[in-house]
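**Student:** Sending over a structure as structure tokens; questions will come in a sec.
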Amino acid sequence: MSTPIHALLFVAALVPCAGAAPQTLIAYDSQARVLREFAGPPVGPCLLPAGPLVSVSPLLGPGLGNCALPAAVQAPPLGIEGDVAVDRLRDIVYVTDGTRVARVSGAGVFLDSFLSPMPALTGLGFDGASGRLWVTDGDFAAPLVPPALPACAASTPPLAAAPFLLPLPLLPATGLDVDPFDGSLFVTDAIGGVTQVLKTGLVGPRGTWSAAACGLGSILADVAVDGSALGQLGAHYVTDGKRVAYILPGGTPAPSTWYTPTPCFELVVGGAAGLGFAGRPLPFGAPSANNFGVLGPRLEAVGQAVLGNGAFVLRASGGPPVGVFVLWTSPAANCPPIPVTAAIAIHLGLSSPTLLASAPAPGGAVALAAPLAPVGPVPLTLFLQGFFLDGVGGLRSTNGMALSLARP
């Protein structure tokens, strides 16, 4: 049972945004068959954002229908098959070894897999507006409608449209993603370039640009469009499997953000055949000290902060057995946090704090339903922190959380 936050987007619409956005990248290590989610790298005296490694999810079977796992394949520069794509609205990650496409939950649980209707896939990109998964074999690209879960016993899903030849300077394509702002494709190649491709098969108005920033190798592995940036910017991440560049069309570095403070960084560990962008809120700072025989109070999100996500939930736990939970928001975070007592710290900025919700917390836990409207301001960032009141003067604080709206 969840307590609703009716005014989440109303409050969010009043909060100014300076372009910062707390989100994560998901890298697929195709040799180890592991998904790694990361942010940052952390910088500054408070080492924000939290990271760089956020989660590690090995692909383990058998899934919902005893489905086969993707095979281990070589990552660039030794191989170009394999990729990852993120359905942010449903919080599902798509992974391919080139032949089989697997689905993994946002919590890292292998769900199912199905055979690709196009052989030797080198790229995946999810179109949140249409719900279609775009695929490429390096030469041609086409969309497909993902089958219902579980799909392993079903036939290979057909393509939803005829494939078209990718208009790149040199084939094959090594990766792709869908720009959620205008629906175009961003496609990488093996000579260090990124090309905007329209769904008509023509080169987009942004053309082709070099991704040589940050010393990337010429054989690129993949591209992931920043779904929380100002849409007109076209900010995106490009990787050669080892190093990542955060750039704009044209190849210049993208403006730094709260979650990507530097445009050049190494992958945390391992290599990557694919890269995906997730709209996942990030916790920061520590909760108050243990006072109830459990870990200090924690604030976390269930699902991704994506426009149209009606199932988005904020969850707090670790409070007193009987009490009330209050959730506050502010347009800024405190660095360093403000100590109130030895056990309580304020992670929110004190400029224009707003009470977002208040709810009973029986058993020291509460779930706040926070459905996100399909239309809203992007980019936009909220900083959140919760407090448990025990009714007899006791107060315990949660960690902070940075939440930013993303396009699906």
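The values are calculated or read from the model by the stated rules, or taken from the named source; none is laboratory data. Because the structure is a prediction, the values reported are computed rather than measured. Cβ sites come from the backbone with ideal geometry, for glycine too, and all protein chains shown count toward neighbours.
**Student:** Can you confirm whether Pro377 is closer than 21 Å to Ser228 by Cβ and at pLDDT below 90?
**Tutor:** Working: closer than 21 Å to Ser228 by Cβ: yes; at pLDDT below 90: yes.
Yes, satisfied.
**Student:** Given the options Pro62, Pro45, Pro70, name the one that is surrounded by 14 or more Cβ atoms within 10 Å (Cβ to Cβ) and more than 18 Å from Pro281 (Cβ to Cβ). Lay out the reasoning, then the answer.
**Tutor:** Numbers: Pro62 fails: surrounded by 14 or more Cβ atoms within 10 Å (Cβ to Cβ); Pro45 fails: surrounded by 14 or more Cβ atoms within 10 Å (Cβ to Cβ).
Exactly one of Pro62, Pro45, Pro70 is surrounded by 14 or more Cβ atoms within 10 Å (Cβ to Cβ) and more than 18 Å from Pro281 (Cβ to Cβ), namely Pro70.
**Student:** Would you mind finding the one in Leu368, Leu403 that is touching a Lys or Arg at 6+ places or on another chain (Cβ under 8 Å) and assigned to a strand (DSSP E or B)?
**Tutor:** On the way: Leu403 fails: touching a Lys or Arg at 6+ places or on another chain (Cβ under 8 Å).
From the options Leu368, Leu403, the qualifying one is Leu368.
**Student:** Just for strands (runs of 3 or more DSSP E) wholly inside the range 58-127: which have at least 1 residues that are closer than 20 Å to Gly227 by Cβ and among the basic types (Lys, Arg)? Walk me through it before giving the result.
**Tutor:** On the way: elements: 83-87, 92-96, 100-105, 110-115, 123-127.
So the answer is 100-105.
**Student:** Here's another thing I want to ask about it. Name the one entry in Asn334, Asn309 that is under 18 Å from the mean Cα position of the chain (by Cα) and at pLDDT 85 or above. Explain how you work it out, then say what you get.
**Tutor:** Numbers: Asn334 fails: under 18 Å from the mean Cα position of the chain (by Cα).
Step by step, each of Asn334, Asn309 is checked, and only Asn309 is under 18 Å from the mean Cα position of the chain (by Cα) and at pLDDT 85 or above.
**Student:** Give the residues of the range 320-348 that are over 19 Å from Pro42 (Cβ atoms) and not in a strand (DSSP E or B), sorted by residue number.
**Tutor:** Listed by number, the residues that qualify are Pro320, Pro321, Val322, Gly323, Pro331, Val340, Thr341, Ala342, Ala343, Ile344.
**Student:** Residues of the range 337-367 being among the β-branched types (Val, Ile, Thr) and either surrounded by 21 or more Cβ atoms within 10 Å (Cβ to Cβ) or modelled with pLDDT of 90 or more (or both), which ones? Even if it seems obvious, please write down each step before you answer.
**Tutor:** Kept after step one, since they are among the β-branched types (Val, Ile, Thr), are these residues of the range 337-367: 338, 340-341, 344, 346, 354, 366.
Those that are among the β-branched types (Val, Ile, Thr) and either surrounded by 21 or more Cβ atoms within 10 Å (Cβ to Cβ) or modelled with pLDDT of 90 or more (or both): Ile346, Thr354, Val366.
**Student:** Please indicate, with yes or no, whether at least one residue in the range 260-269 is within 23 Å of Pro42 (Cβ to Cβ), under 17 Å from the mean Cα position of the chain (by Cα), without any contact (Cβ under 8 Å) to a residue 24 or more places away in the chain and surrounded by 16 or more Cβ atoms within 10 Å (Cβ to Cβ).
**Tutor:** No, the conditions are met nowhere in the range 260-269.
**Student:** In addition: I need every pair where a residue in the range 64-88 that is on the phi > 0 side of the Ramachandran plot and touching a residue at least 24 places away in the same chain (Cβ under 8 Å) has its Cβ under 6 Å from the Cβ of a residue that is of a type outside the set (D, E, K, R) and surrounded by fewer than 24 Cβ atoms within 10 Å (Cβ to Cβ), sequence separation at least 6 or different chains.
**Tutor:** Within 6 Å, the pairs are Gly82/Val73; Gly82/Gly98.
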